[in-house]
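Coordinate-derived values only; no laboratory data. All of these numbers come straight from a predicted model, not from anything done at the bench. As a convention, Cβ positions derive from the backbone with ideal geometry for all residues, glycine included, and neighbour counts pool all protein chains shown.
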Amino acid sequence: MNLVLLGPPGAGKGTQGDRLAARLAVPKFATGDILRDAVRDDTPLGRDAQRYMDAGELVPDEVVLSLVREALGAPQAAKGFILDGFPRTVPQAEGLDARLVELGVKLDAVVYFDVPEEELVKRLAGRRVCPSCGAVFNVHSDPPAVAGTCGDCGGQLEVREDDREETVRNRLRVYREHTEPLLQRYEKISSLRRLAAAGSVDDVYDKMIRVVGLG
Ligand code: AP5
């Protein structure tokens, strides 16, 4: 199955994408994760991307497109893939279309995670991440057993740099301006599946399985 997970910051794309990838045994490509790894490893890509990410702005289309073009050509993607956080602009969606034609594959669905803004802000303010192993927690919905400590590896949990209040406001603005127009685009080509994603992680997972036709 070839899927796109679309939605605002904090909507649960990463959380649900990981579960779905495990269920389908396909890779999940999250452009945000790929870029954060590059920042952490201090690569030329990471050094370029960091100033956009820290400000809550989008990394230039051509940079992100080349990452995704490469990822989709990898052998692991041959039996299906999940794209999390990509595409985010019309040029990215057009670039994805062109890559899919090259590969001779189609999208089965674009899942839109619909969550009210006050819930997004609460989730982002409560997110804690482990810089050592990448595990994600939430002080409200999924707190670690020991406050501030990663339950997976024992690392010290941190607030993601772009989850600070002012940056979150900008990410939401950028989402509305650049990414929301994609909803209409995918609605027109009838691959959009709307998912009411404000419930618990388990409830949202059950709904998602149904909207993609697995349950
Ligand atoms: P990216 O990492 O993609 O950030 P985002 O889209 O803003 O998404 P988030 O990771 O904030 O949210 P999510 O929907 O994955 O929610 P999650 O499951 O983590 O991008 C970061 C930056 O990279 C961008 O700003 C940009 O600079 C750059 N970038 C990335 N892709 C790009 C692209 N295509 N083009 C250009 N630039 C790009 O959940 C959030 C929190 O809520 C967690 O704590 C989780 O535990 C909790 N939670 C999840 N589900 C629930 C639930 N149902 N109930 C309660 N809590 C929940």
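Couple of notes before you dig in:
- Qualifying positions in region 122-165 - closer than 16 Å to GLY56 by Cβ and small (Gly, Ala, Ser): ALA125
- For region 190-203, the candidate set comprises residues that are within 8 Å of the ligand (Cβ to nearest atom) and not in a helix (DSSP H, G or I); within that set, the residue that is nearest to GLU117 (Cα to Cα) is ALA198.
- Within region 42-86, considering residues that are within 25 Å of ALA22 (Cβ to Cβ) and part of a loop (DSSP other than H, G, I, E, B), the one farthest from the ligand (Cβ to nearest atom): GLY80
- Close contacts from region 40-69, counting a first residue that is touching a residue at least 60 places away in the same chain (Cβ under 8 Å) and within 21 Å of GLU158 (Cβ to Cβ) and a second that is among the acidic types (Asp, Glu) and more than 8 Å from the ligand (Cβ to nearest atom), with Cβ to Cβ under 8 Å and a gap of 6+ residues or different chains, come to MET53/GLU161; ASP54/GLU161.
- Cβ-Cβ under 6 Å pairs, at least 6 apart or on other chains, region 167-181 side surrounded by 13 or more Cβ atoms within 10 Å (Cβ to Cβ), far side part of a helix (DSSP H, G or I) and among the hydrophobic types (A, V, I, L, M, F, W, C): VAL168/LEU124
- Some residue of region 18-38 being buried (at least 17 other Cβ atoms within 10 Å of the Cβ), within 18 Å of the chain's Cα centre (by Cα), away from the ligand (no atom under 12 Å from the Cβ) and within 19 Å of ARG193 (Cα to Cα): yes
- Among the conditions (1) more than 16 Å from the ligand (Cβ to nearest atom); (2) within 18 Å of LEU96 (Cα to Cα); (3) out of contact with any strand residue (DSSP E or B) (no Cβ under 6 Å at 6 or more places or on another chain), the only one that LEU214 does not satisfy is (2).
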